[in-house]
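Input: a single structure, listed below in structure tokens.
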């Protein structure tokens, strides 16, 4: 993502397998603050992504991307 795009975002987040998605409160570049999540709280898009991704991880929603692998119990 180019820093030129920062002002166009309504929300920002960091994604990973364990953290799922974590809201980014702000990004500061050359003295300019770009604020996305006040008090670190997820916005509606970030919250919806979290909900959908965890549903796929827990098998509660279809995995249309082939991200998950069923591991049989021993």
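Every number here is computed from the coordinates shown, using simple stated rules; none is lab data. Given the structure is predicted, the values throughout are model-derived calculations rather than measurements. Don't worry about glycine lacking a Cβ; one is built from the backbone with ideal geometry, like all the others, and counts go over all protein chains shown.
Applying a 10 Å radius around every beta-carbon, put 4-14, 45-55 in order of their mean neighbour count, most first.
Sorting 4-14, 45-55 by mean packing, highest first, produces 45-55, 4-14.
Given the Cα atoms of the chain, and with Rh set as the inverse mean 1/r over their pairs in the Kirkwood sense, what is Rg to Rh to two decimals?
Expressed as Rg/Rh, it is 1.11.
If I stretch the segment between residue 48 and residue 60 completely, what's the gain in nm (0.36 nm per residue apart, minus their alpha carbon distance), one decimal?
Numbers: separation 12, 0.36 × 12 = 4.32 nm, distance 1.46 nm.
That pair, residue 48 and residue 60, stretches by 2.9 nm at full extension.
In what sequence do 36, 29 fall when counting other Cβ within 10 Å, fewest first?
With the sparsest Cβ surroundings first, the list reads 29, 36.
In nm, what is the difference between 0.36 nm times the number of residues separating residue 30 and residue 67 and their Cα-Cα distance?
Roughly 9.6 nm would be gained on extension.
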